[in-house]
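Visitor: Questions regarding the structure given below will be posed in turn.
The values are calculated or read from the model by the stated rules, or taken from the named source; none is laboratory data. Treat the numbers as computed from the prediction; the structure is a model and nothing was measured. We place every Cβ from the backbone using ideal geometry, glycine too, and count neighbours over all the protein chains shown.
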Amino acid sequence: MLLLGHIVQALAADFQAELAGPADLPIHALAPLETAGPGELSFLSHPKYQSKLAVSRAGCVIVSPAMQTAALSRGPAIIVNDPYLYFARVTQFWKRRHGSRLPPGIHPTAFVDTQAQLDPTASVGAFAVIEAGAFVGAGVCVGAHSVVGQGAFIGANTTLAARVTVASGCRIGQRGLFHPGVVIGADGFGFAPDAGRWEKIEQLGSVRIGDDVEMGANTCVDRGALGDTLIGDGVKLDNLVQIGHNVQVGAHTAMAGCVGVAGSARIGERCSIGGGAIILGHLSLADGVHVSAASVVTRSITQPGLYTGLFPIDDNASWEKNAATLKQLHGLRDRLKRLEGRLPPTQHQNP
Amino acid sequence: MLLLGHIVQALAADFQAELAGPADLPIHALAPLETAGPGELSFLSHPKYQSKLAVSRAGCVIVSPAMQTAALSRGPAIIVNDPYLYFARVTQFWKRRHGSRLPPGIHPTAFVDTQAQLDPTASVGAFAVIEAGAFVGAGVCVGAHSVVGQGAFIGANTTLAARVTVASGCRIGQRGLFHPGVVIGADGFGFAPDAGRWEKIEQLGSVRIGDDVEMGANTCVDRGALGDTLIGDGVKLDNLVQIGHNVQVGAHTAMAGCVGVAGSARIGERCSIGGGAIILGHLSLADGVHVSAASVVTRSITQPGLYTGLFPIDDNASWEKNAATLKQLHGLRDRLKRLEGRLPPTQHQNP
Amino acid sequence: MLLLGHIVQALAADFQAELAGPADLPIHALAPLETAGPGELSFLSHPKYQSKLAVSRAGCVIVSPAMQTAALSRGPAIIVNDPYLYFARVTQFWKRRHGSRLPPGIHPTAFVDTQAQLDPTASVGAFAVIEAGAFVGAGVCVGAHSVVGQGAFIGANTTLAARVTVASGCRIGQRGLFHPGVVIGADGFGFAPDAGRWEKIEQLGSVRIGDDVEMGANTCVDRGALGDTLIGDGVKLDNLVQIGHNVQVGAHTAMAGCVGVAGSARIGERCSIGGGAIILGHLSLADGVHVSAASVVTRSITQPGLYTGLFPIDDNASWEKNAATLKQLHGLRDRLKRLEGRLPPTQHQNP
């Protein structure tokens, strides 16, 4: 539980927010407008949801100045320019107050090699392994069963949740957050053909990850073949994402779940890649490219914008008919062309 | 090895099955019709496979009454109304008799916090971690390297295989089965944009999972942002499935491998989602919706039925021609329309 | 660091390579042509990259005889018939010289059941678990947190990286390499319907994996329902690949990241499956079938060749128009047909 005034106070250094309501209102939880009750704090991120505001039972609502009148007509409100961003910071404050984190120090069951360098303010969870030559910075949290390989580097205040693997020589920046099952630095997929079989190309590069990066559960980033795989500052990867060897992901790019990026692709800054999209290897995406979910990028994209390629879903019977026709599409085009050729051109053709 | 009569006896309480064959026939294994030998028990799930029945060398075959004559003309048979369901129960009986499970008790290498509540009939495997405030019910099996986080709840007779992570505060019902690498309760993917970078929205919700749920290897279910992610009773998820934050999956829905469900999607009961399908966020699927493999659900579906959307595979040269034409399809439609406009309407047009 | 002559010498038994340059040139790293500096060894895999050769600052370049003149005009070179294969072998030599591996023996924190059979030359990492009845062959490396289940078999010189799970009874051949998070032998996805709910079909089969197999991070291979799931010699699977129960993958077939293969599919030898492709169950692919990335195989393929099926990506506005028209495609075909019927056949129609 936190008092409403306490929350506003905590964020006062970063936001010009006005509290129109009782500072001593106890807030027991944060909740969406639809479900929030009297002891809960909610927010209105976009004017299009205004109808939900009027009927919300929330104890207090974070709104923009444009929504101030509507909000106050129903009860307490916090008025601020970017309610969604403000709400994000409230969740962080809430987590700091209510969450728990590992205390500094090494769990008695963990294994830390004598040749590892571990900041005394770092915490190492149960059965975690820190190998020789690894560096673990100040305030780092290494979760239970996580493995920091030989010579790997974990920057200050980064958190590895339970069961994260950072392979030898890989580097992670500061304030990162890596969820369970993440694998950093497995071998890239590289083989030379040799008379019908595959000859391993040892992956001698590494992975370098910037600051403020978050990666979701079971996401994988492979080490480079020769050079390194590079993940820029502020990159956010959702769960089950695959990043191939020598890929470069520009700063503040976000990828939703199940995305696959093949080797040596270069993705710009502030891109967004929708869930399940596939990006082929050796391509470049400019800064500010947005790829729709489940789309397949088969060529470089040089201009920012939104790009899409997926077969629209339909009832199965309709899909079957259209899909069957699609396999004759080129022929249909030829037939259409032929028909056009057989009709004499009109004098005043429509554009 | 089990005697045929012993098997029929074991299932007699649940099925009206007739054994037409020697009760003392030793059964050494269960096998498909094609490969089954004299000491093996097989089944015919569907009349369309009848041709395999005649030539099968199986020691005994489970068939429906309609197949009784055909089955008996070749040898011993078990006649029962639903042979496939009967077979499923035989596999369960077989596993109980031949499989091994961890004995109750805590492996000497496991770490169980003194503040955890552990039923004395539960078993905890090597290097497993049970954190403070966690509850582990009767008959639960926590596999090697599994982590049950702070305050998490594992219902009676649920099995966590090796290396499953259940993050803090998440709840799992009874009789569940979670395969290696499953991650329950990693953070959902939520960020507020802030001048070109992403501000973390802490995920303060949890995951609640019903009874009789099974999840495959490396499948992930994220915790909710504010409310909880909900998985209904009897839900079956295959390997490498991604369930985003605040998703609701209705009871007895099944999803094949590599499916991705984006945040806040609501999926009905008794749905089936084919492998590799993607379901976008904030959508609703009615009860009884079936989505074909690799299809992308981009809008809510309100009627039960089968829905599909995928580009039909073809030899690459044909695909290239049709795909190139597809990018002009809207223009082709306009040209067709124009042609139609230039031909005078016929008196007796075909429908 | 290695001397150039030392490298050529090490591979002399397997390649007829000519060193045109100083044998005592110190090589500090291997690098691509674009970035290689004076102390680095590079290679030209294909004549089409010849323009990069001329401007490369590499200390030495591996080239084919056809490129010999061009290479020598810029500096030292190794001339050999297959530069890419030669380069692959150089990476292996480099890794052997510079990499580190676990020393033989059992890490003091590991748990090896007294009923397990462990070759004295094997190494077992921190917190690894070897269960009763397991066999671990000569030179095997079991990484930290890996689990070798009851009765599982790991052939000589195979490496399990950190956190690999090999479930009970599964068999892996020699010289394999399995990256972190791999799960071998989780249950296949098998259920019999029973009045709106799902009845578990216990998965009584196993997984058998040949020699020289590599699997990427978080890849899963399920155990068979009755028979075994079979992975042939020399198969290479990238990260996050899903192989369903009773699948057969022929020798030397390669699959890129995020591929899903549904149950009982049979894939031939020397196939390649592009990233994100989905192969439906119970299909057969002939030897030498190549499936493009993100394509969906919905029928058996009996002829070798390249097969593709994906919606071409486009700017979103164009995609929207074409996708909308696609849902009317079958109707457009009918309209075209009708138009054709209304024009009298021409005497000399164009082909």
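Visitor: What is the residue count in the range C:153-171 for residues that are closer than 23 Å to A:THR165 by Cα and either within 10 Å of another protein chain (Cβ to nearest Cβ) or surrounded by 24 or more Cβ atoms within 10 Å (Cβ to Cβ) (or both)? Even if it seems obvious, please write down each step before you answer.
Guide: Here is the first cut: in the range C:153-171, the residues closer than 23 Å to A:THR165 by Cα are C:154, C:157-167.
Filter once more, so that each one left must be either within 10 Å of another protein chain (Cβ to nearest Cβ) or surrounded by 24 or more Cβ atoms within 10 Å (Cβ to Cβ) (or both): C:154, C:158, C:160-167.
Adding up the residues that qualify gives 10.
Visitor: Condition check: touching a helix residue (DSSP H, G or I) at 6+ places or on another chain (Cβ under 7 Å), in the same structural domain as A:GLU18 (by TED's automatic domain parsing) and in a loop (DSSP other than H, G, I, E, B). Does A:LEU33 satisfy that?
Guide: On the way: touching a helix residue (DSSP H, G or I) at 6+ places or on another chain (Cβ under 7 Å): yes; in the same structural domain as A:GLU18 (by TED's automatic domain parsing): yes; in a loop (DSSP other than H, G, I, E, B): yes.
It is true that A:LEU33 is touching a helix residue (DSSP H, G or I) at 6+ places or on another chain (Cβ under 7 Å), in the same structural domain as A:GLU18 (by TED's automatic domain parsing) and in a loop (DSSP other than H, G, I, E, B).
Visitor: Another one. Quick one: count up the residues across the range B:140-189 that are within 19 Å of the chain's Cα centre (by Cα) and touching a residue at least 60 places away in the same chain (Cβ under 8 Å).
Guide: 2
Visitor: Let me ask something additional. Specify the residue that is surrounded by the fewest Cβ atoms within 10 Å (Cβ to Cβ); the eligible residues are those in the range B:7-23 that are farther than 16 Å from B:ASN81 by Cα and in contact (Cβ under 8 Å) with a residue 40 or more places away in the chain. Explain how you work it out, then say what you get.
Guide: Restricting attention to the range B:7-23, the residues satisfying the condition of being farther than 16 Å from B:ASN81 by Cα are B:7, B:9-10, B:21-23.
Narrowing the set further to residues that are in contact (Cβ under 8 Å) with a residue 40 or more places away in the chain leaves B:7, B:10, B:21-22.
Numbers: B:ILE7: 26, B:ALA10: 17, B:GLY21: 19, B:PRO22: 13.
Once the filter is applied, the top-ranked residue is B:PRO22.
Visitor: How about the range C:209-239: which of its residues are buried (at least 22 other Cβ atoms within 10 Å of the Cβ) and either among the aromatic types (Phe, Trp, Tyr) or in a strand (DSSP E or B) (or both)?
Guide: C:ILE209, C:GLU214, C:MET215, C:CYS220, C:VAL221, C:ASP222, C:THR229, C:ILE231, C:LYS236, C:LEU237
Visitor: Further question: How about the range A:270-300: which of its residues are in a loop (DSSP other than H, G, I, E, B), more than 14 Å from the chain's Cα centre (by Cα) and either facing another protein chain (nearest Cβ under 8 Å) or among the charged types (D, E, K, R) (or both)?
Guide: Initially, the range A:270-300 is screened for residues in a loop (DSSP other than H, G, I, E, B), giving A:270-271, A:274-277, A:280-283, A:286-288, A:292-295, A:298-300.
Next cut, more than 14 Å from the chain's Cα centre (by Cα) only: A:280-283, A:286-288, A:292, A:294-295, A:298-300.
Result: A:LEU280, A:ASP287, A:SER292, A:ALA294, A:SER295, A:THR298, A:ARG299.
Visitor: Being closer than 28 Å to A:GLY181 by Cβ, touching a Ser or Thr at 6+ places or on another chain (Cβ under 8 Å) and more than 10 Å from chain B (Cβ to nearest Cβ) is true for just one of C:MET215, C:MET255. Which residue is that? Show your work before the answer.
Guide: Numbers: C:MET215 fails: touching a Ser or Thr at 6+ places or on another chain (Cβ under 8 Å).
Of C:MET215, C:MET255, the one residue that is closer than 28 Å to A:GLY181 by Cβ, touching a Ser or Thr at 6+ places or on another chain (Cβ under 8 Å) and more than 10 Å from chain B (Cβ to nearest Cβ) is C:MET255.
Visitor: Further, regarding this structure: Can you name the number of the only condition in (1) within 8 Å of chain C (Cβ to nearest Cβ); (2) closer than 21 Å to B:ASN218 by Cα; (3) among the charged types (D, E, K, R) that A:ARG197 fails?
Guide: Answer for A:ARG197: the failing condition is (2).
Visitor: So is A:PRO180 surrounded by fewer than 24 Cβ atoms within 10 Å (Cβ to Cβ), assigned to a loop (DSSP other than H, G, I, E, B) and not hydroxyl-bearing (Ser, Thr, Tyr) or not?
Guide: Working: surrounded by fewer than 24 Cβ atoms within 10 Å (Cβ to Cβ): no; assigned to a loop (DSSP other than H, G, I, E, B): yes; not hydroxyl-bearing (Ser, Thr, Tyr): yes.
No.
Visitor: Could you check how many residues of the range B:118-138 are farther than 19 Å from A:SER100 by Cα and surrounded by fewer than 18 Cβ atoms within 10 Å (Cβ to Cβ)? First the steps, then the outcome.
Guide: Filtering the range B:118-138 down to residues farther than 19 Å from A:SER100 by Cα leaves B:118-128, B:136-138.
Then drop every residue that is not surrounded by fewer than 18 Cβ atoms within 10 Å (Cβ to Cβ), which leaves B:119-121, B:138.
Result for the range B:118-138: 4.
Visitor: Let me ask you something else. In the range B:306-317, what residues are over 16 Å from B:ILE279 (Cα atoms) and at the interface with chain A (Cβ under 7 Å from one of its Cβ atoms)? Step through it out loud before you land on a result.
Guide: First, the residues of the range B:306-317 that are over 16 Å from B:ILE279 (Cα atoms): B:311-317.
B:PHE311, B:PRO312, B:ASP314, listed by residue number.
Visitor: Condition check: under 22 Å from A:LYS200 (Cβ atoms), of a type outside the set (S, T, N, Q) and more than 9 Å from every other protein chain (Cβ to nearest Cβ). Does C:PHE178 satisfy that? Explain how you work it out, then say what you get.
Guide: Numbers: under 22 Å from A:LYS200 (Cβ atoms): yes; of a type outside the set (S, T, N, Q): yes; more than 9 Å from every other protein chain (Cβ to nearest Cβ): yes.
Taking the combined requirement at face value, the residue satisfies it.
Visitor: Of everything in the range C:326-337, what is within 20 Å of A:ALA293 (Cα to Cα) and within 8 Å of chain B (Cβ to nearest Cβ)? Give them in sequence order. Don't jump to the end; show me each part of the working.
Guide: At the first step, the residues of the range C:326-337 found to be within 20 Å of A:ALA293 (Cα to Cα) are C:326-327.
Answer for the range C:326-337, where residues must be within 20 Å of A:ALA293 (Cα to Cα) and within 8 Å of chain B (Cβ to nearest Cβ): just C:LEU326.
Visitor: Same structure, new question: In the range A:86-108, which residues are touching a residue at least 40 places away in the same chain (Cβ under 8 Å) and surrounded by 13 or more Cβ atoms within 10 Å (Cβ to Cβ)? Reasoning before the result, please.
Guide: Kept after step one, since they are touching a residue at least 40 places away in the same chain (Cβ under 8 Å), are these residues of the range A:86-108: A:86-87, A:89-91, A:93-94, A:97, A:101-102.
Correct list: A:TYR86, A:PHE87, A:ARG89, A:VAL90, A:THR91, A:PHE93, A:TRP94, A:LEU102.
Visitor: Which residues, counting only those in the range B:271-289, are surrounded by fewer than 20 Cβ atoms within 10 Å (Cβ to Cβ) and within 23 Å of C:PRO193 (Cβ to Cβ)? Steps first, please.
Guide: Within the range B:271-289, the subset surrounded by fewer than 20 Cβ atoms within 10 Å (Cβ to Cβ) is B:272, B:281-284, B:286-288.
Result: B:SER272, B:ALA286, B:ASP287, B:GLY288.
Visitor: Restricting attention to the range A:240-251, which residues are surrounded by 24 or more Cβ atoms within 10 Å (Cβ to Cβ) and in a loop (DSSP other than H, G, I, E, B)?
Guide: Going residue by residue through the range A:240-251, those that are surrounded by 24 or more Cβ atoms within 10 Å (Cβ to Cβ) are A:240-247, A:249.
Within the range A:240-251, A:LEU240, A:VAL241, A:GLY244, A:HIS245, A:ASN246, A:VAL247 meet the criteria.
Visitor: Using the structure shown, decide if C:SER284 is farther than 30 Å from A:ILE201 by Cβ and in contact with a strand residue (DSSP E or B) (Cβ under 6 Å, 6 or more places away or on another chain).
Guide: Yes; evaluated as a whole, the condition is true for this residue.
Visitor: Could you identify the single residue in A:GLU340, A:GLU320 that is within 8 Å of another protein chain (Cβ to nearest Cβ) and closer than 28 Å to C:ILE278 by Cβ? Even if it seems obvious, please write down each step before you answer.
Guide: Numbers: A:GLU340 fails: closer than 28 Å to C:ILE278 by Cβ.
Result: A:GLU320 is the single residue among A:GLU340, A:GLU320 that is within 8 Å of another protein chain (Cβ to nearest Cβ) and closer than 28 Å to C:ILE278 by Cβ.
Visitor: Let me ask something additional. Within the range A:60-86, how many residues turn out to be out of contact with any helix residue (DSSP H, G or I) (no Cβ under 8 Å at 6 or more places or on another chain) and under 17 Å from A:LEU25 (Cα atoms)?
Guide: Number satisfying all stated conditions: 2.
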